[in-house]
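Okay, so here's the structure we're looking at.
The values are calculated or read from the model by the stated rules, or taken from the named source; none is laboratory data. Bear in mind that the values here come from a model prediction, so they are computed numbers and not experimental data. A quick note on method: Cβ atoms are made from the backbone with ideal geometry, for glycine too, and the neighbour counts reach across all protein chains shown. These area figures cover heavy atoms from the full protein model, side chains too; ligands, DNA and RNA do not enter into them. Shrake-Rupley method; radii C 1.70, N 1.55, O 1.52, S 1.80 Å.
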Amino acid sequence: MFITGYAVMAGAAERLVLGYDSFGNICGRKNTPVKGAPLSGQDMSNKKYVFFLNSCSLELQSLKLSSVSLCVSSCPQEQLNSLEDLQSFARNNGSCLCVYNLNISSYTLNPEAAELCPTLPVPPSKSFPLFNRCVPQNPECYSKYASVLISMVNEMDVFHRILSGILAGRDTVIGLSVLALAFSFILVLAFRFIRTLLVHTLIALVVFGLLLVSGVLWWLYYDYRNDPSTELETQKENVKFLLGYAIFSTIVTVVLLSLMLVLRKRLQFTVQLFRIVGKIIGRIPFLLFQPLWTFLIFIAFWVFWVAVLLSLGTAGTAQTTSGGQVEYRALSGICYMAWYHFVGLIWTSEFILACQQMTIAGAVVTCYFNRNKNSPPPHPVLSSISVLFCYHLGTAVKGSFLITILRIPRIVLLYLYNTLKQKESACAKCLFKCCFCWFWCQESCLRYFNQHAYTTTAINGTNFCTSAKDAVFILAKNSAKLASISCFGGFILFLGKVFVVCFTVFGGLMAFNYHRELQAWVVPLLLVGFFAYLMSHSFLSVFEVTADAMFLCFAIDMETNDGSAEKPYFVDQELLTFVSQSNKLTEGQKHRSARPFQDNEDGTELQPMV
């Protein structure tokens, strides 16, 4: 049953991508027979285009075109005025424009040829790249054809219009994802060998990217809004989405520029921080390559997710009608599975990131709680991965599930806001925005504490709830000290993610803008931005998780040990000096007269989990 259902859904996706004729054959591939349809099951590998027998007088009935459609190898480039012209075109070009069971030699002899062949005269046509349709070029026929096609697209629900946009721009989406990968990898190498000049260069590029993307979005919005040819619902949706994108991008630009202005004096401090983090990463072999494995897993999951989404949107069963023709009836309620599928995208993506964070945190913890800094433990990354899969997959599942729970209400609120924004009052709009911001803040805080919970799990080997409680206790006690250390470093890493997203989205704007016809391309663009952020977050989280794990280990080290011969610190002198200078400790505090962190009563030495 599962295999049969999968085959039906996979075939449905191909029908949407390639198009199909009136007899159950998918154009551009070899087909299997449909029971009760004698003309089904034909090899259409060389026949990629859909041709309508009555393209000049199409009618739309219940989202179905009235004309019989065929799969052909090429569209007629010149007008065909007689059956002899049809016969000559078929012999010269190998493209038969009559029903399949009519032999080419019978075009002029069979008395039923007039019913089995297209209405004469056949106007010249060209293949349309989006749906692989033969579109008539005769002005009168084209206007009728376009009006029917516009009506058909406008009557489609938003879900299917989005699917058509994703399918039409699938090659562009893949190319932009590769571009985001390249940007992320370059940034990882740059942060590994960071210098003051590099920080200034990154900030300048981020400012340029933010201004560029905001300006292009506003330009595209005014260009689309003033375009008199905007008739399709997909084009009208593009205008709405572009306005929202432009407003959001402008707000983000203003906020980030303000923060850069406020924090500009701490650049040298950030360079020193990343040098220490880079030294720790250098002690752990292959830690910088961890995001590559995560990226490959992401790619495999995203390809599977998009394939299933397309199958959900086009799933249906074949039913034969009079004359041996085939209709595909959509499965009832199948579109509601898209919401379940979307939740799966969020949860699984967060789970993959959580596994990477736990792997990095485990490797950092193992190296930090090692007495001999010149002789790091062997294979810390592989050891961390094995511990994760043997003992702590449940911790990653719980942490990612909590983030998903907080993200779903944001999505629901955004959907309701866009659905009801024409009817609701100003107070209701304000309430929606406040609730949305509240959930966003809660998600950001939860993500921060989750990361420290993963590190605590790597140290103590406890479950998620116990580790989260311990992490909250330590962070609450030392928040004033730790926040000032990691705040600006995290901000610079966030700017790196913004850099990747900005220039990837800019590339998407330029690419999608050249293919406006029938594409809800702003939704694929949003998908590209989401993927670009996940990729950059996956790569740059090596530095983020390393820094956070290092400071949490430092806090626990200070809580547990006192620097005496009986209980010496695990921290090296460079990190201790850096933390002391950042918190403006006095010389007496360095010698424990006033300890930067409160001692633990029992002073029990913590060991890394093995």
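Here the spin labels are modelled as points 7 Å beyond Cα on the Cα-Cβ line, and at LYS144 and LEU263 they lie 6.4 nm apart. Work the Kirkwood hydrodynamic radius out for segment 249-292: mean of 1/r over every pair of different alpha-carbon atoms, inverted, in Å. Result for segment 249-292, one decimal place: 13.0 Å.
Pick out, in residue order, every one of the GluC sites (Glu not before Pro) in segment 40-123 that is DSSP loop and has at most 12 other C-beta atoms within 10 Å; say none if there are none.
The qualifying sites are GLU59, GLU78, GLU112.
In this structure segment 344-410 gives 40 Å² per residue of accessible area when probed at 1.4 Å with all protein chains present.
Proximity of backbone amide H atoms, modeled 1.01 Å from N, is registered between ASP562 and LYS567 at under 5 Å, excluding neighbours fewer than 5 places apart on the same chain.
Sorting 135-142, 501-508, 554-561 by average packing, meaning the other beta carbons within 10 Å per residue, from highest down gives 501-508, 554-561, 135-142.
Could you compute the FRET efficiency for ASN46 and VAL178, with r as their C-beta to C-beta distance and R0 at 35 Å, rounded to 0.05? It comes to 0.70.
Take 405-412, 464-471, 46-53 and order them by the average number of nearby Cβ atoms within 10 Å per residue, most first; the result is 46-53, 464-471, 405-412.
Between CYS437 and VAL343, what FRET efficiency comes out of the Förster formula 1/(1 + (r/R0)^6) with R0 = 25 Å and r the beta carbon distance, rounded to 0.05?
In this case the efficiency is close to 0.70.
For a paramagnetic label modelled on CYS390 (point 7 Å from Cα along Cα→Cβ), amide N atoms under 20 Å away belong, within segment 351-372, to 355-370.
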